[in-house]
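The structure appears right after this line, and notes come after that.
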Amino acid sequence: MAKGIFIIVEQRNLEIRKVSLELLSQGRKIADQTGDPLVAIILGQGIDGLAATAAASGADKVILVDDAKLADYTTGAYTSVLNKIIRKEEPQAVLMGNTAIGKDLAPRLAQRLGVGLASDCTGMETDAASFLVFKRPIYAGKAFEYLTSNVRPILATVRPNTFALAAPDASRSAEVVKEAADIDAADLRAILKEVAIAASKRPDLTEANIIVSGGRGMKGPENYVILEALADVIGAAVGASRAAVDSGWKEHKFQVGQTGKTVAPTLYIACGISGAIQHLAGMGSSKFIVAINKDPEANIFNVADYGIVGDLFDVVPVLTEEFKKIVK
Amino acid sequence: MAATREVYWNIEGEHWLYLLFIFALIFFGYGVYKRVQLWKLGQPENRWKDVGQGIKDIIVYGLGHKRILKDPYPGLMHFGIFIGFLFLAFATAIITLQADFHLEIFHGWLYLFIKLTSNFFGLIALIAILVAAYRRYIQKPDRLDNKPDDAITLGLLFTILITGFLIQGVRIATIPDPWSAWAFVGQWTAIPLKAMLNEAQLLSLHRFLWWFHLVLAMAFIGYFSHSKLFHILLGLANQFMRNRGPIGIPELIDFEDESIETFGKSQLREFSWKALFNTDVCLRCGRCQDNCPAYLSGKHLSPKRIIQDMKVLMEETGVALEAAKEKATSVHADGEAAAASEGEEPTGRALIGEVIPEDDLWACTTCRSCEQQCPVFVEHVDKTIDMRRNLVLMETRFPGEAQLAFKNMENNGNPWGIGWSTRADYLTGVGVKTFAEDPGAEYLYWPGCSGAFDARNQKVSSALVKLLNAAGVRFAILGNEEKCCGDSARKLGNEYLFFSLASENIEAMNGYGVKKIITQCPHCYNLLKNEYPQFGGKFEVIHHTEFLLDLVKSGKLKLSRAAGKSVTYHDSCYLGRYNQIYEQPRELLKTVGLSIKEMAHTGEKSFCCGAGGGRMWLEEHEGLRINEMRTDEAIAVKTDYVGTACPFCLTMIADGIAAREVGEQLKALDIAEILEQAL
């Protein structure tokens, strides 16, 4: 009999990613209702210390697979290891974040396990009739579908920022099991040589709860400091419109829009962005949009929940000062 | 005594020339055979379609040099060489008839005519060859690359002409006749020869030159099919076989046909023989490259290089197959080797990725300027789309940005992913009825995704609606039943997505019995008009510039004239080169009193805005921005407006104006918006 809700915990630089903690928090609630054990699976190298974090966030059992070959994510190695563990443990459900890694890994696992996949879910509940019911937006968020499956395990990826984080309980402890990394040679097709990342202490655009974004109205790369000041006060990521990226003020990885990143934060502050359709396509599903623009005719005001007609160079510093007073 | 001369004067043993001629013919024939074998690597395709039009095209584009002369400097140079050798070939033919077939025609006025024209046009060809060498080796324009063949051919032609004139000069110096003045170049040549040499020397020099010239002429024939000289025939053949009618209609893929195992083309031998033939027709003149927005903006893509690289692969494939065959016969395992050679590149070099970089395939805006400028009608763009199809449908390998556009088109029927159920909102908001509400409407108004969703282009829609209402036109929209026409999807190689969008649109329109369609988007226009018939959608499709001009001419639309403002019109590729609509938008602009100034690239040579071929949805990572280059051209002519007739062009030029921060002096407006001001 299949048993257990398994969370594939993503870690980066030996730190558990927020989306995995969110899954553990929600998983705990559901496990309490169904009586299933909540199991965290962590892959990596030198990850012993993460077991306690997973336990504090709600895991009853932590499976650690510690191996040099798993130090960095590679599709083949992770698939190979997880496939074997899941086949052995036969859990009811396997969940992971709908992150770059989740999107890469989940479809492969589904294929190996011969099960379906509910991808990019924005809700997960349990009820009497079905073990787990997943909520997915369809038609660009115009409607939702609710999915469940009779096949075990149920495999799903969940969009970041979907579940609230529960406060960690340091007194909790979990059974820690270490598994050897049994990787099929045929699966080791790619070797990660080097990861080149530009250092930034701000959150990732696609994960951020708040994004402060600047467009052509920024007038130059040097002026982004005023957006960064605001972003740092409210814990936001900094984005840019295509116009600003084209002008060379910001790198392409900061670009929000049709040909850049698609984001859906709770709050999107658009500064000096006219709101061309190409930009709206990348941020239109943000929960709240605040627009700051000199031009009252700017299209961004048509989609904004709050609009400030004014020079961003006057408005943004005032906002920063005011937020400083509120956010301690 | 009639004017003539003795053909084999001072020559003995002339019958040896027949032996030489036979050798030359063998070399010629061997060259043709080799090339034909290579072309036969391709798939069958019927290009023998319209003989009458084919002959007309040979006359206009071949003999008439219509496209070659559009680039005056190299055009005139080429024409000089062409006309010289045309008359010399005529002269040689007449002499052959006289000397070898004993037809007594080489005398009288024909003799004098030949003497004069050979001298005059021969001299022009000689000058043109010098100009060609100067251009190729001293000026070195970027679009030319030099191979030994170029130098050999120029040297051969030059030496043939020089020795020809010298032979004539020696003859005139030795036995002047009353008609020497007709051969004026020969007469000039005779003066120094006569002064320097005695008669015996002249006679032996003549004999030497005569044989030398003859050997060169035979070398010309033998070398012909192994060199660029072959273009004299291949170019004409390609003009004869060119595609006529609407250009750039991608090949139909039948998704119902379950026997098809691969989509698109990833291997040389999947292309038709005509595609391989094209690579031999290409003379490397570089007109395509010189007009390619991708190349000019610093992308790696060059249409010329693609064709030439395919040619190299074709030759390598020929050699590799030959080697495989030999190996197979030596081990008596023909069947096995033949089987192994099917389905993979025998050279071991992949067409996509190794011969042609993938980025090159994605850099193309499908503006078709390359094809428009090509004097011999080489077809570049269809090959690109065939290869994109393979990458998308078979390999799922395409720029990341395209994935979002594809997904959005799939889910919401528009590239931005805006809710499909809001498509009608803007236009119904300005009072337009849907076909469901007004089934008797004469015209379907097709705003396209931009006209329906994009705030900037919604203004164009509203202007057009006002104009149509002012002219009393009864029209309606499909509303939420309209979907993206699928142009970007198709040109990006996602034929399957295109097919499903097109099928749904055609079904919706046929359901309402739509007959006539007005649209403001040249991409929708071209697709609905020229490509939907492939899928059973047969409609009369009218671009708004055509329609508005008709309304103005018939007096139904009355517009005021206001003098003083100036405009430059940016030709949309899909309107101009794809559908030959160049004049209607300009006439409309003149109607409202605007003075038109043309940009550096205009009409057939118009420079793409950068958004065609699905590039609208992709990032431009390499080189300059095409839209900004085009905007710079518009800024340079110093007008009040840039007139556009395409939503993509409008977006791209408006972006360019914003990037250059010249919004105060230059406004990008659609023709409909300009006309709206004159209501």
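Some observations on this one:
- For the protein assembly as shown, the Kirkwood hydrodynamic radius from C-alpha pairs, put into Stokes-Einstein at 4 °C and a viscosity of 1.567 mPa s, yields a diffusion coefficient of 39 µm² per second.
- Hits among lysines - C-alpha to C-alpha of A:LYS193 under 20 Å, sequence gap 8 or more where chains match: A:LYS69
- Taking amide H atoms as placed 1.01 Å from N in the peptide plane, the amide H of A:ILE154 lies under 5 Å from those of A:ALA93, A:VAL94, each 5 or more residues away in sequence or on another chain.
- Straight-distance candidates among the aspartates and glutamates for linking to A:LYS324, with alpha-carbon spacing under 17 Å and chain neighbours fewer than 8 residues away dropped: A:GLU228, A:ASP232, A:ASP314.
- Peptide ranges B:166-175, A:292-301, B:366-375 listed from the most packed, as the mean C-beta count within 10 angstrom indicates: B:366-375, B:166-175, A:292-301
- When all alpha carbon pairs of chain A are counted in 20 Å bins from zero, the resulting P(r) reads 30, 51, 19, 0 %.
- With helices as the sole contributors, chain B gives -16500 deg cm²/dmol at 222 nm; each DSSP H run of n ≥ 4 counts as -39500 (n - 2.57), and the sum is divided by every residue.
- Region B:278-292 - phi-based ³J(HN,Hα) in whole Hz, Karplus 6.51/-1.76/1.60, Gly and Pro as x: 3, 5, 7, 5, 4, 9, 6, 6, x, 4, 4, 4, 5, 10, 8
- Taking each of A:LYS135/B:LYS483; A:LYS103/A:LYS261; B:LYS49/B:LYS274; A:LYS3/A:LYS29 in turn, the alpha-carbon distance tops 18 angstrom for A:LYS135/B:LYS483.
- Sites B:GLN43 and A:ALA100, calculated FRET efficiency, Cβ-Cβ separation with R0 45 Å, nearest 0.05: 0.60
- Comparing Cα centroids, region B:14-61 and region A:1-76 end up 72 angstrom apart.
- From the Kirkwood radius over Cα pairs of region A:1-84, Stokes-Einstein at 4 °C and 1.567 mPa s returns a whole-number translational diffusion coefficient of 100 µm²/s.
- Per residue, the average separation of C-alpha pairs within less than 8 Å and at least 6 apart gives region A:40-140 a relative contact order of 18 percent.
- Computed from phi, the 3J(HN,Hα) profile of region A:265-272 under the Karplus parametrisation 6.51, -1.76, 1.60 (θ = phi - 60°) reads x, 5, 10, 10, 9, 9, 10, x Hz, with x in place of Gly and Pro.
- Computed 3J(HN,Hα) for region A:162-177, one whole-Hz value per residue from the Karplus formula 6.51 cos²θ - 1.76 cosθ + 1.60 where θ = phi - 60°, is 7, 10, 6, 7, 7, 5, x, 10, 5, 7, 5, 9, 9, 6, 10, 10, glycine and proline marked x.
- For A:CYS121, nonlocal amide neighbours, meaning residues 5 or more places apart or on other chains whose placed amide H falls under 5 Å from its own, are A:THR157, A:VAL158, A:ARG159.
- Sequence ranges B:196-209, A:260-273, ranked by mean other-Cβ count within 10 angstrom, highest first: A:260-273, B:196-209
- Relative contact order (%) - criterion: Cα under 8 Å, at least six apart; region: region A:210-326: 25
- Placed amide H near B:ILE581: partners under 5 Å, 5+ positions off or other chain: B:GLY576
- Counting, for every residue in B:454-460, the Cβ atoms of other protein chains within 10 Å of its Cβ and taking the mean gives 3.
- Projected onto planes of every orientation and averaged, the convex hull of the alpha-carbon atoms in region B:501-627 covers 10.0 nm².
- Calculated FRET efficiency, A:THR34 to A:LYS287, Cβ-Cβ distance, R0 = 45 Å: about 0.90 to the nearest 0.05.
- Straight-line cross-link partners of B:LYS558 among the lysines, defined as a Cα under 29 Å from its Cα and at least 8 positions apart when in the same chain: B:LYS433, B:LYS459, B:LYS466, B:LYS515, B:LYS516, B:LYS529, B:LYS590, B:LYS597, B:LYS638, B:LYS667.
- Given charges at beta-carbon only (K, R positive; D, E negative), |dipole| of the protein assembly as shown in Debye: 2040
- Between region B:232-281 and region A:208-278, the Cα center-to-center distance that results, in Å: 46
- B:GLU261-A:ARG87 FRET efficiency (beta carbon distance; Förster radius 45 Å; 0.05 resolution): 0.85
- Taken as Cα centroids, region B:348-399 and region B:542-603 sit 33 Å apart, rounded to the nearest whole angstrom.
- With Cα atoms, 0 to 90° folded angle of helix B:108-134 axis to chain B main axis: 60
- For chain B: relative contact order, % (alpha-carbon pairs under 8 angstrom, 6 or more apart): 12
- The P(r) of region B:566-676 has a tail past 25 Å containing 13 percent of all C-alpha pairs.
Bear in mind these aren't lab numbers, they're just calculated from the coordinates by the rules spelled out. Predicted model only: the values in this text are computed from it and were never measured. All Cβ positions, glycine included, derive from the backbone under ideal geometry; neighbour counts span all protein chains shown.
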